[in-house]
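The values are calculated or read from the model by the stated rules, or taken from the named source; none is laboratory data. Treat the numbers as computed from the prediction; the structure is a model and nothing was measured. Note: ideal-geometry Cβ built from the backbone for every residue, glycine included; neighbour counts use all protein chains shown.
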Amino acid sequence: MTQDELKALVGRAAIDYVVPGTVVGVGTGSTVNCFIDELAKIKDRIAGAVSSSQKSTERMQALGIKVLDPNTVESVPVYIDGADEIDRGGHMIKGGGAALTREKIVADIAERFVCIADASKLVDTLGGFALPVEVIPMAAGQIERRLRALGGEPRLREGVVTDNGNVILDVKGLSITDPAALEAEINQWPGVVTVGIFARNKASVCLLGTPEGVRKLEF
Ligand code: 5RP
């Protein structure tokens with residue numbers, strides 16, 4: 001099976017986690033796009049969706065899925081999103097699509113985070129994928145220095161401005177053995193909007209697409 005077929009497989013499988021009559025939290029990315037396409041088929045059975053990016057909003061609206069303002073939604077039973085990496089404890093690196101801040105906001109109002117990913121995303125230790133950090137532009141220089149002091153190699157993602165008007169630093173060279181501690185540390189630096197470590201808002205379940213079918217990991 002190709003990587004795209006594995007993404008389609010888990011996108012379909014995630015439909016089983018949608019609770020009829022409720023609002024669904026929807027992430028961002030190519031795997032989530034497969035899920036959105038499936039969600040459109042049952043759009044009359046849900047109360048709507050809360051979106052984590054302009055891209056997902058546009059895709060859902062084009063398919064007739066009602067997108068709600070997150071400020072009007074207190075909680076959602078489930079948030080479905082992809083990941084750039086996930087470890088065996090359900091901690092993730094996210095933000096490859098630059099949507100990490102809104103993804104974390106929606107994940108935070110969700111009772112369960114269902115991660116959908118192809119098998120290549122499962123790792124023993126986070127950090128092989130460069131860690132995205134969304135930063136207020138005037139703080140980028142100072143945040144880069146702090147990240148270097150941690151042993152990372154930050155690089156500005158050229159030509160990218162987030163939905164929130166900020167920039168992304170991608171940090172190579174970190175071996176993230178304590179995701180919760182590093183998330184807390186980086187988050188408190190002035191100028192950091194969001195770090196792409198999802199430890200506090202980790203996955204509850206991961207539907208992993210493998211050539212043998214969907215493998216379910218629970219955390
Ligand atoms: C976007 C994300 C995505 O979930 C992550 O990049 C995975 O994307 P894809 O499903 O395209 O591999 O965090 O900010």
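Filter region 126-138 down to residues that are surrounded by 14 or more Cβ atoms within 10 Å (Cβ to Cβ) and farther than 14 Å from Val195 by Cα, then give me how many there are. Please lay out each step first, then the result.
Pass one, region 126-138, residues surrounded by 14 or more Cβ atoms within 10 Å (Cβ to Cβ): 126-136.
With farther than 14 Å from Val195 by Cα added as a condition, the list becomes 128.
Adding up the residues that qualify gives 1.
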For this session: Could you run through region 113-148 and say how many residues are away from the ligand (no atom under 16 Å from the Cβ) and either modelled with pLDDT under 95 or not β-branched (Val, Ile, Thr) (or both)?
Result: 12
Problem set entry | Within region 87-101, tally of residues that are over 22 Å from Gln3 (Cα atoms) and surrounded by fewer than 18 Cβ atoms within 10 Å (Cβ to Cβ) | 1
Exercise. Can you name the number of the only condition in (1) without any contact (Cβ under 8 Å) to a residue 60 or more places away in the chain; (2) acidic (Asp, Glu); (3) near the ligand (Cβ under 9 Å from one of its atoms) that Glu103 fails?
Worked result: (1)
For this session: Residue by residue through region 21-39, note down the ones that are within 11 Å of the ligand (Cβ to nearest atom), out of contact with any Phe, Trp or Tyr (no Cβ under 9 Å at 6 or more places or on another chain) and not polar (S, T, N, Q).
Result: Gly29, Val32, Cys34, Phe35
Problem set entry | strands (runs of 3 or more DSSP E) wholly inside region 120-209 containing at least 3 residues that are free of Cβ contacts under 8 Å to residues at least 40 places away in the same chain and either out of contact with any helix residue (DSSP H, G or I) (no Cβ under 9 Å at 6 or more places or on another chain) or over 18 Å from Asp84 (Cα atoms) (or both) | none
Exercise. Of the residues Asp16, Asp81, Asp69, Asp37, which single one is touching a Cys at 6+ places or on another chain (Cβ under 7 Å) and not hydrophobic (A, V, I, L, M, F, W, C)?
Worked result: Asp81
Seminar exercise, completed: Note: among Thr2, Thr72, Thr57, just one is closer than 24 Å to Ile168 by Cα and free of Cβ contacts under 8 Å to residues at least 40 places away in the same chain, namely Thr57
For this session: Take the residues in region 166-204 that are of a type in the set (Gly, Ala, Ser) and surrounded by 20 or more Cβ atoms within 10 Å (Cβ to Cβ), then tell me which one is nearest to the chain's Cα centre (by Cα).
Result: Gly196
